[in-house]
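Just below is one structure, and these are the notes that go with it.
The values are calculated or read from the model by the stated rules, or taken from the named source; none is laboratory data. Model, not experiment: these values are computed from the prediction. Cβ sites come from the backbone with ideal geometry, for glycine too, and all protein chains shown count toward neighbours.
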Amino acid sequence: MKIALIQDSLLVCAGSERVFKCIVEEYPEADIFTLAYNSDTTCPFFKGFTINTSWINPILKNHQLFKYFFPISTYIMQYWNLRGYDIIISSSATTAKYISRFDGKHFCFGYYPTRAIWDFERYFPERSIIKLLFSVLLPYLKWRDLQAVKRVTQFISQSNVSKQAFKDIYNVEAPVIHSPLNYNIFKAGLKEEKSNHYLIVSRLEHWKRIDYAIEAFNASPDIHLKIIGSGPLMDSFKKIANENIHFLGNIPDDQLVKEYGSAKALIFTPELEYGLIPLEALAAGTPVIAFGKGAVCETMVPYSDPNTFSTAVFFDSQTPESLLDAISIFQSLTFDRQKISQYVEKFSEKNFKKQFRKFINNTLIEGK
């Protein structure tokens, strides 16, 4: 049986790239395709494989360019010749689901309906030529997206939040298999001694909502924050941040594990359809302070009273004041590092691979 694996792009080492890594490990015999690949900026894991790229690869060398070229990229993916494969498995938040020139079954592990189209205002917050162009094309882009969905044999969603979005927007059923956590790597953070700082791990983009966290820590100079990650807002954030906020940029996984393990707590600011970063922090024995909406409600156990197990403290508004109130509550609590680490083992890569292969095999059998 001939298998093709497709990722939107391999330009960063974020959540979808880590999921795709897990799929590649489960199907090492498969051929790998992606629109653009930059071995210097994505997960080092992929250097050990032959990565088939499209003709636009020399142009798309970073994630920001990939976002801007989205409309063109959908056409490139749509007309890429993938005939001759019995099974195609795509990992797609944007373009990989657009394939049309194939013969076999197409299973799409979808993260969320394309944000640039269906979450337009939050994805493009500032006035710009790019936003204006997208706004003019939006009705057409939505139509194309819905046409692409019809060509997918089966969607798989990563959370109940994603599942509901696929139902509401695409009118498809997408059973849930939670995105995998590399538990064995991140649990090594349990060995780290706790320091007196908080941690954010995120791409520095508007919709990730790091802004109000910076405001909160600016207003509280006695508590320290480390921010790991990069993005288009890096320079503007550095300009407004006080001395108690430290930017580490992108760091390798071994250092990331140590940072997770030594932080007092992870601060998670956005409302997302999943959120792998909070799970990584828990694996390292570090509790989470999170905006209590989105899929954190199905992956975290929020604090309710001192006599029950919890992994996180939730706050209910994306404001500096609400976050600081949650930090104040957190500082009065004690968390069992071993227990919160053990709690997230159920999200491990081992469990994901087992569920993923079983689902695909069962679907193929039922479809015969």
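Counting the residues of the stretch 1-52 that are among the aromatic types (Phe, Trp, Tyr), over 20 Å from Leu65 (Cβ atoms) and without any contact (Cβ under 8 Å) to a residue 60 or more places away in the chain gives 2. Quick one: how many residues across the stretch 128-166 are without any contact (Cβ under 8 Å) to a residue 12 or more places away in the chain and either hydrophobic (A, V, I, L, M, F, W, C) or closer than 22 Å to Ile99 by Cβ (or both)? Number of matching residues: 8. Enumerate the pairs (first residue in the stretch 53-74 and in the same structural domain as Ser9 (by TED's automatic domain parsing) and within 24 Å of Val149 (Cα to Cα); second residue anywhere and surrounded by 16 or more Cβ atoms within 10 Å (Cβ to Cβ) and among the aromatic types (Phe, Trp, Tyr)) with beta-carbon separation below 6 Å, excluding pairs fewer than 6 apart on the same chain, so at least 6 apart or on different chains. Hits for this filter: Thr53/Tyr37; Thr74/Tyr98.
Go through the stretch 134-168 and give me each residue that's surrounded by fewer than 19 Cβ atoms within 10 Å (Cβ to Cβ) and either acidic (Asp, Glu) or under 18 Å from Gly294 (Cα atoms) (or both). Answer for the stretch 134-168, where residues must be surrounded by fewer than 19 Cβ atoms within 10 Å (Cβ to Cβ) and either acidic (Asp, Glu) or under 18 Å from Gly294 (Cα atoms) (or both): Asn160, Gln164, Lys167, Asp168. State whether the residues of the stretch 339-347 include one that is buried (at least 16 other Cβ atoms within 10 Å of the Cβ) and touching a strand residue (DSSP E or B) at 6+ places or on another chain (Cβ under 7 Å). Within the stretch 339-347 (the criterion being buried (at least 16 other Cβ atoms within 10 Å of the Cβ) and touching a strand residue (DSSP E or B) at 6+ places or on another chain (Cβ under 7 Å)), the answer is yes, since at least one residue qualifies. So, of the residues in the stretch 8-45 that are assigned to a helix (DSSP H, G or I) and over 18 Å from the mean Cα position of the chain (by Cα), which turns out to be surrounded by the most Cβ atoms within 10 Å (Cβ to Cβ)? Filtering first and then ranking leaves Glu26.
Yes or no, residue by residue, for (1) at pLDDT 95 or above; (2) of a type outside the set (Ser, Thr, Tyr):
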| site | (1), (2) |
| --- | --- |
| Ser135 | no, no |
| Leu141 | no, yes |
| Arg144 | yes, yes |
| Lys150 | yes, yes |
| Ser157 | yes, no |
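Scanning the stretch 193-210 for residues being surrounded by fewer than 18 Cβ atoms within 10 Å (Cβ to Cβ) and acidic (Asp, Glu) gives a total of 1. Say whether the condition of being touching a strand residue (DSSP E or B) at 6+ places or on another chain (Cβ under 8 Å), touching a residue at least 24 places away in the same chain (Cβ under 8 Å) and surrounded by fewer than 18 Cβ atoms within 10 Å (Cβ to Cβ) is met by at least one residue in the stretch 84-105. Within the stretch 84-105, one or more residues are touching a strand residue (DSSP E or B) at 6+ places or on another chain (Cβ under 8 Å), touching a residue at least 24 places away in the same chain (Cβ under 8 Å) and surrounded by fewer than 18 Cβ atoms within 10 Å (Cβ to Cβ).
Picking from Ser304, Ser328, Ser310, which residue would you name as being among the polar types (S, T, N, Q) and either within 20 Å of the chain's Cα centre (by Cα) or surrounded by 14 or more Cβ atoms within 10 Å (Cβ to Cβ) (or both)? So the residue among Ser304, Ser328, Ser310 that is among the polar types (S, T, N, Q) and either within 20 Å of the chain's Cα centre (by Cα) or surrounded by 14 or more Cβ atoms within 10 Å (Cβ to Cβ) (or both) is Ser310.
For Val172, the conditions (1) in contact with a Lys or Arg (Cβ under 6 Å, 6 or more places away or on another chain); (2) under 30 Å from Lys105 (Cα atoms); (3) not charged (D, E, K, R); (4) not in a helix (DSSP H, G or I) all hold with the exception of (1).
The residue pairs whose first member lies in the stretch 274-289 and is closer than 23 Å to Tyr112 by Cβ and in contact (Cβ under 8 Å) with a residue 12 or more places away in the chain, whose second member is of a type in the set (Gly, Ala, Ser) and part of a loop (DSSP other than H, G, I, E, B), and whose beta carbons are closer than 6 Å, counting only pairs six or more residues apart or on different chains, are Tyr274/Ser159; Tyr274/Ser179; Tyr274/Ala295; Gly275/Ala295; Leu276/Ser179.
Screening the candidates Gly104, Gly48 for the property of being out of contact with any Leu (no Cβ under 9 Å at 6 or more places or on another chain) and either β-branched (Val, Ile, Thr) or farther than 19 Å from Ser230 by Cβ (or both) yields one hit, Gly48.
Restricting attention to the stretch 187-205, the residues being aromatic (Phe, Trp, Tyr) and farther than 29 Å from Asp222 by Cβ number 0. Scanning the stretch 351-362 turns up no residue that is farther than 22 Å from Gln164 by Cβ, touching a Gly at 6+ places or on another chain (Cβ under 6 Å) and aliphatic (A, V, I, L, M). Here is a check on your reading of the model: is Ile214 outside any loop (DSSP other than H, G, I, E, B) and without any contact (Cβ under 8 Å) to a residue 60 or more places away in the chain? The answer is yes for Ile214.
Looking across the stretch 92-144 at every residue that is farther than 19 Å from Ile72 by Cα and part of a strand (DSSP E or B), the one that is farthest from the chain's Cα centre (by Cα) is identified as Lys105. Within the stretch 229-242, not a single residue is in contact (Cβ under 8 Å) with a residue 24 or more places away in the chain and part of a strand (DSSP E or B). So is Ser310 without any contact (Cβ under 8 Å) to a residue 12 or more places away in the chain and either in contact with a helix residue (DSSP H, G or I) (Cβ under 9 Å, 6 or more places away or on another chain) or over 19 Å from Gln158 (Cβ atoms) (or both) or not? Here the answer is no, as Ser310 does not meet what is asked.
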